[in-house]
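Before any comments, here is the structure.
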Amino acid sequence: LRARYSKFCSAHWRRNDKRPTQSHTLMLLGLPSDNLNVIHIFDCMHTHVCHNFSLPDGFTQELFDAVVTESNWQTQYQYWYHNYTFAGRLLIGSLVNEVFQAMQLKTTGSSDAKDFLLYSGHDSTLAPFLSALGVWDGLWPPYASMIVMELWQYDSGDQSYAVRLMYNGKELKMPGCKSTLCSFDEFARIAAELNPTAAQCGLSSSDQGNALNPPSARVQRRTNRKKH
C-alpha cells in the first residue's frame, strides 16, 4: 500500500518521512503501528511533560525531541501546502472572514455591530489561523495561548480604521500590511484572499452563504461592554 501511494508524495515529504520514529514510539506504548499518528503521540507526551508526569519507560529526551520535531513538520506541511493562503482558505478562511465581517459592521456603524467578541478554540484553531494570516512561526501554540485582533479608529476625522494583530502579547505584522497597524483596506484584501467559495467547501451554489457566513454556533461568542 505504501508503494502504491508513494508516487503521490512529494520528494520533500519522502525525505522527511519519520514513520520509523512513530513506529518506535508506538512499540514502546504497546500499540499497533496504525493506531495513532505522530501528532497524537506528541499531544499525549506534551501533556505529560507539562504536568510533570513521568513518561513510559524507554522515552528518552532524544525521542521526545524527535516526536516534537516531526509533529511540527507534519503540521507545517499541512498548513503551508501548497502555500499558506491556499491552505488557510480551506482550513480556516471562514473564521477569518467572520472576524472581518464583524469588524466591517463596526466600521459602517451598523446597529448589529458588536463591541467585543470572544472566540474559544483549540491549539489546532490558533495555529491555522495564524498560518492563514502569514504570521505563524511553525511552532505549536503553548497552553493558554491567545490571539487578539483589535479594530482601531484614527482621530483624523475621515472615519479610517486599522487592524492590529497580537499573539501572546506580541504585535505581528501581516504580509500585505505596511506596519503592525494594518489599514482596514489592507486587511480587507487579506480576508478576501482567504474567503472560500462554496465549491471549495464541497457545497452547492445554493449553499454559498453557509460557506462564507458560518453560523456563530460553531464557536462560542460573548459580547461585553464597548471596546474597539
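Taken over segment 38-85, the criterion of being without any contact (Cβ under 8 Å) to a residue 24 or more places away in the chain, aromatic (Phe, Trp, Tyr) and surrounded by fewer than 16 Cβ atoms within 10 Å (Cβ to Cβ) is satisfied by Phe53, Tyr81.
Does Trp140 meet the test of being open to solvent by 20 Å² or more (accessible area, probe 1.4 Å), under 26 Å from Lys170 (Cβ atoms) and modelled with pLDDT under 85? No; evaluated as a whole, the condition is false for this residue. Among residues of segment 176-200 that are on the phi < 0 side of the Ramachandran plot and polar (S, T, N, Q), those with a Cβ under 9 angstrom from a residue that is buried (at least 18 other Cβ atoms within 10 Å of the Cβ) and in a loop (DSSP other than H, G, I, E, B), sequence gap 6+ or separate chain, pair up as Thr180/Met174; Ser183/Cys177.
Taking the conditions (1) over 24 Å from Ala199 (Cα atoms); (2) part of a helix (DSSP H, G or I) in turn, Gly88 satisfies each one other than (1). Restricting attention to segment 143-157, the residues being surrounded by 10 or more Cβ atoms within 10 Å (Cβ to Cβ) and without any contact (Cβ under 8 Å) to a residue 12 or more places away in the chain number 1. Working only within segment 182-198, note down all residues that are part of a helix (DSSP H, G or I), of a type outside the set (Phe, Trp, Tyr) and surrounded by 20 or more Cβ atoms within 10 Å (Cβ to Cβ). Matches in segment 182-198: Ile190, Ala191.
Residues are listed down the side, and each one gets a yes or a no for (1) out of contact with any strand residue (DSSP E or B) (no Cβ under 8 Å at 6 or more places or on another chain); (2) under 29 Å from Phe42 (Cα atoms):
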site: Asn97; (1), (2): yes, no
site: Pro128; (1), (2): yes, yes
site: Gly134; (1), (2): yes, yes
site: Gly138; (1), (2): yes, yes
site: Trp152; (1), (2): no, no
site: Val163; (1), (2): no, no
site: Tyr167; (1), (2): no, yes
site: Phe187; (1), (2): no, no
site: Ala192; (1), (2): yes, no
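Do we find that Leu165 is hydrophobic (A, V, I, L, M, F, W, C), in a loop (DSSP other than H, G, I, E, B) and under 15 Å from the mean Cα position of the chain (by Cα) in this structure? Here the answer is no, as Leu165 does not meet what is asked.
The values are calculated or read from the model by the stated rules, or taken from the named source; none is laboratory data. Since the model is a prediction, treat every value here as computed from it, not as a measurement. Note: ideal-geometry Cβ built from the backbone for every residue, glycine included; neighbour counts use all protein chains shown. We work out accessible area using only protein heavy atoms, side chains counted, and drop any ligands, DNA or RNA first. Shrake-Rupley method; radii C 1.70, N 1.55, O 1.52, S 1.80 Å.
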